[in-house]
Amino acid sequence: MKITKRTVDSTPIPAKGYALVWDDELKGFGLRVTSSGVKSFILQKRIHGKDHRITLGRYGEITTEQARKDAQIKAGVIAGGGDPVADKKRADLATKTLGEVLADYGEARNAIRDSTRKDMAGVLKRYSADWLKKPINTITPDKVLKRHKKVGQDAPAAANKWARYLRAVLNFAAGRYTDTEGHPILTDNAVKILSRARSWYRVERRQSVIQPHQIAPWWAAVMALGNDAHRDYLLTLMLTGLRKEEGRGLAWADVDLIAKTLTVRDTKNHSSHTLPMGPHLAAMLAARERLGPLVFMSTHGQIGNLRYSLESIARISGVKFMAHDLRRTFATVAESLDIPSYALKALLNHKGGSDVTGGYLIITTERLRSPMERIEDFVLKAAKVKPSADIVSLDRAL
């Protein structure tokens, strides 16, 4: 039976599954009819020792004549040793855009924190928005060099970060997208040119901290903020050493005001981190109004850009700082108080590294309470919130 328009129209719809009708004139050419009423033209052929069923198109979108002609062309390619299945997959993958690959990367990398996904998307969008809708194979080494240099003129650290994120996404694409024979559609990562050309910017790691004599004016300026969510958030970072994203994501469900502990779930090393709270911090959080599931929320939602608050604090106190400087300040204060290194690592949620002895130490939350309170006490005294020494009244009669 030759498949014609009349054949297609008269083919009944199966009660379930699908039915196949084969053409007698062109071997492998057929019609597939599903129980939902969809009729599609197909070509079934053996390619490199494996049977492949190629969908040529839906009836209504293409005609019977068009489907037959396409089937004849593909059958000829296969007879000549070609592989139209691989060709189509390769052509489809060649159109993969940077934005599509970024989305696939975020879904496939389960170990990546949500904050990292958001940061990666934000950085790539900010510095290469015009690339997101273009195929990844159009990203050339020359384009990477020029864009990296352009971004680096104003922000060398941001340029390096952008390039690292782009490199990760392109590496993912090289491993993820292959044709039917396993050949990658991306054979070289364009970001490698930065290493070959030695074009990475040398960016010194920030070492800034808030010095003890600066804590008092800094604290006073923070307390003067009109935004209580920003105020309490910054004070919490100072008194706990939490990373800025860990503090932003702190949930009320993870704050125990009776046990005076807080737990951070989404940490850099992927392990939950429970800390004791000093008396001042516990009282401050207990006094906060609950405006949602997160601790540091305003009536507008989760706290976002702190730029204006940081500028206000710097203007009033004369202390220029970034949010991460508070974590460095916490660690520096702890070191000055001779807090044991294992306790400090636990407070900062740092991995033990290769230290064998550290692998045998289990430091409980309560073991960290005394070091945490000592650090809080130092900061409060430096901030002049607590007196630095006991005041003794002298009897004049003596």
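The values are calculated or read from the model by the stated rules, or taken from the named source; none is laboratory data. The structure presented is a predicted model; accordingly, all values stated were derived computationally and were not measured. Methodologically, a virtual Cβ is constructed for each residue, glycine included, from the backbone with ideal geometry; neighbour enumeration extends over all protein chains shown.
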Within the range 74-106, track down each residue that is under 30 Å from TYR127 (Cα atoms), at pLDDT 85 or above and either exposed (fewer than 14 other Cβ atoms within 10 Å of the Cβ) or aliphatic (A, V, I, L, M) (or both). LEU98, VAL101, LEU102, ALA103
Output the number of the condition that ARG265 fails; it satisfies all remaining conditions of (1) at pLDDT 90 or above; (2) touching a His at 6+ places or on another chain (Cβ under 9 Å). (1)
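Here's the yes/no breakdown for (1) hydrophobic (A, V, I, L, M, F, W, C); (2) closer than 30 Å to GLN302 by Cβ; (3) touching a Ser or Thr at 6+ places or on another chain (Cβ under 7 Å):
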{"residue": "ASP9", "(1), (2), (3)": "no, no, no"}
{"residue": "ALA19", "(1), (2), (3)": "yes, no, no"}
{"residue": "GLY28", "(1), (2), (3)": "no, no, no"}
{"residue": "SER40", "(1), (2), (3)": "no, no, yes"}
{"residue": "ILE54", "(1), (2), (3)": "yes, no, no"}
{"residue": "THR64", "(1), (2), (3)": "no, no, yes"}
{"residue": "ALA108", "(1), (2), (3)": "yes, yes, no"}
Could you pull out the residue among LEU326, LEU344, LEU306, LEU310 that is free of Cβ contacts under 8 Å to residues at least 24 places away in the same chain, within 18 Å of LEU239 (Cβ to Cβ) and out of contact with any strand residue (DSSP E or B) (no Cβ under 9 Å at 6 or more places or on another chain)? LEU310
Restricting to the range 47-69, name every residue that is within 27 Å of TYR177 (Cβ to Cβ) and in contact (Cβ under 8 Å) with a residue 24 or more places away in the chain. ILE47, HIS48, HIS52, ILE54
Tell me yes or no: at least one residue of the range 278-286 is modelled with pLDDT of 95 or more and either acidic (Asp, Glu) or under 29 Å from the mean Cα position of the chain (by Cα) (or both). yes
Qualifying residue in the range 195-206 (condition: closer than 20 Å to LYS320 by Cα, in contact with a helix residue (DSSP H, G or I) (Cβ under 6 Å, 6 or more places away or on another chain) and touching a residue at least 24 places away in the same chain (Cβ under 8 Å)): yes
ALA15: surrounded by fewer than 18 Cβ atoms within 10 Å (Cβ to Cβ), out of contact with any strand residue (DSSP E or B) (no Cβ under 6 Å at 6 or more places or on another chain) and under 30 Å from LEU170 (Cβ atoms), yes or no? no
Residues (more than 18 Å from ASP119 (Cβ to Cβ), of a type in the set (D, E, K, R) and out of contact with any Leu (no Cβ under 9 Å at 6 or more places or on another chain)) located in the range 148-187: LYS149, LYS150, ASP154, ARG176, GLU181
Given the criteria touching a residue at least 12 places away in the same chain (Cβ under 8 Å), farther than 30 Å from GLN302 by Cα, surrounded by 19 or more Cβ atoms within 10 Å (Cβ to Cβ) and not assigned by TED's automatic domain parsing to the domain that holds GLY247, does VAL144 qualify? yes
